[in-house]
């Protein structure tokens, strides 16, 4: 399972590197990862200190540091 989460983290990182900041919903839709996998990947990247997570209104926005 750690391998699949690591792979998903790479997908999310590549997406953010290419597209810039985005909502979790948009990342999930555009990467075609399921919601749980997207959340795990975001958690992985956050634990490595690679993300900035901000709240804009009612939306959580993720971007790379």
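Quickly work out the residue 53-to-residue 17 label distance, labels modelled 7 Å from Cα along the C-beta direction, and quote it in nm with one decimal. Between residue 17 and residue 53, the simple spin-label model gives 2.2 nm.
In this simple spin-label model, placing a label point 7 Å from the Cα along the Cα-to-Cβ direction at both residue 64 and residue 30 gives a separation of 1.3 nm. Exposure proxy ranking for 38, 55, based on other Cβ atoms within 10 angstrom of each Cβ and starting from the fewest, stands as 55, 38.
Expressed as an acute angle from 0 to 90° and rounded to the nearest 10, what is the orientation of the C-alpha long axis of helix 35-47 relative to the principal long axis of the chain? Once rounded, the angle reads 80 degrees.
Counting neighbouring beta carbons within 10 Å and listing from fewest to most, the residues 24, 52 come out as 52, 24.
Tell me what the chain gives for mean residue ellipticity at 222 nm when only DSSP H runs of n ≥ 4 count, each as -39,500 (n - 2.57), the sum divided by the residue total, rounded to 500 deg cm²/dmol. So the calculated ellipticity at 222 nm is -19000 deg cm²/dmol.
Taking the longest Cα principal axis of the chain as reference, the axis of helix 2-19 is set at about 40 degrees.
Here, each number is a calculation from the coordinates, and none is a lab measurement. Predicted model, so just to flag it, every value in this text is computed and none were measured. We place every Cβ from the backbone using ideal geometry, glycine too, and count neighbours over all the protein chains shown.
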